[in-house]
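This report refers to the structure that appears directly beneath it.
The values are calculated or read from the model by the stated rules, or taken from the named source; none is laboratory data. Keep in mind it's a predicted model, so treat the numbers as computed, not measured. Every residue, glycine among them, receives a Cβ derived from its backbone with ideal geometry; neighbour counts consider all protein chains shown.
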Amino acid sequence: MKPRRMVQVFTDKYPFVGPIVWLLSTQYFIIQFTVAQAWPHAYDWATNLISDLGNTMCGQYADRYVCSPQHGVMNASFIVLGTTMAIGSWLIYQMFEKTKGSLVGFSLMALSGVGTVLVGAFPENTVPFMHGIGAFLALVVGNVSLVVLAASLEKVRPGFRYYTAISGTLSLLAFILFTGDVTFGLGRGGMERLVSYPQTVWLILFGVYMSAVRMRARRRS
């Protein structure tokens with residue numbers, strides 16, 4: 001049996017696996033809060049970037065103080081998140097009609113997952129170039145994927161598609177403002193979260209949505 005056919009058979013037999021994989025993204029928020037609480041000095045959610053939680057040094061980094069004793073836990077969380085993004089994209093893609101739009105959308109989300117893995121594998125103070133590539137894939141490519149998926153997943157309810165399009169578009173606009181150091185008083189950390197968090201929240205909610213769809217289909221059958 002061809003590998004692609006094997007994946008299709010697997011997702012048909014275990015329809016909740018893909019959505020559950022994306023639901024695991026909740027760990028990302030839990031770990032952030034936990035790691036931030038371990039800082040010897042208060043982690044500033046407005047000033048400090050998300051990547052500061054995975055920074056391996058203690059002291060002044062760029063224009064902000066960093067000291068994350070549990071940086072290994074945060075970097076592991078990045079890697080787990082990226083892995084679940086990529087695997088979930090591959091599995092959930094099998095549940096939809098194979099169109100160019102769905103292929104591009106889920107492929108971009110998987111690529112965003114690869115970027116998130118790079119963010120964890122190369123903390124910001126170790127190999128900045130690789131960390132930067134990972135952050136770009138995670139923050140930009142991932143949000144572009146939302147816009148593409150909103151336009152291509154016709155079987156998804158209109159309300160959820162509108163939500164998907166709005167999430168991706170607003171996050172991309174926030175990224176432009178972030179790169180221009182325009183924060184509207186939110187701080188660079190706060191603005192970065194406007195870029196990053198909507199995508200992860202979308203992964204969780206889409207996992208819930210797909211689980212509900214599968215449950216309704218199972219009741220009817």
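Listing for the model above:
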item: Filtered residues of region 106-137 (kept if among the β-branched types (V, I, T) and in contact (Cβ under 8 Å) with a residue 60 or more places away in the chain); result: V119, T126
item: Residues within region 60-99 that are at pLDDT below 95 and loosely packed, with under 15 Cβ neighbours inside 10 Å, tallied; result: 6
item: Qualifying position, being in contact with a Ser or Thr (Cβ under 8 Å, 6 or more places away or on another chain) and under 23 Å from R188 (Cβ atoms), among V66, V147, V141; result: V141
item: Matching residues in region 103-148 - criterion: being of a type in the set (S, T, Y), in a helix (DSSP H, G or I) and surrounded by fewer than 22 Cβ atoms within 10 Å (Cβ to Cβ); result: S107
item: Any chance T84 is in a helix (DSSP H, G or I) and among the hydroxyl-bearing types (S, T, Y); result: yes
item: Some residue of region 178-189 being surrounded by 17 or more Cβ atoms within 10 Å (Cβ to Cβ), under 19 Å from L111 (Cβ atoms) and either hydroxyl-bearing (S, T, Y) or over 19 Å from the mean Cα position of the chain (by Cα) (or both); result: no
item: Number of the condition not met by N125 [criteria: (1) polar (S, T, N, Q); (2) touching a strand residue (DSSP E or B) at 6+ places or on another chain (Cβ under 7 Å); (3) within 23 Å of T26 (Cβ to Cβ)]; result: (3)
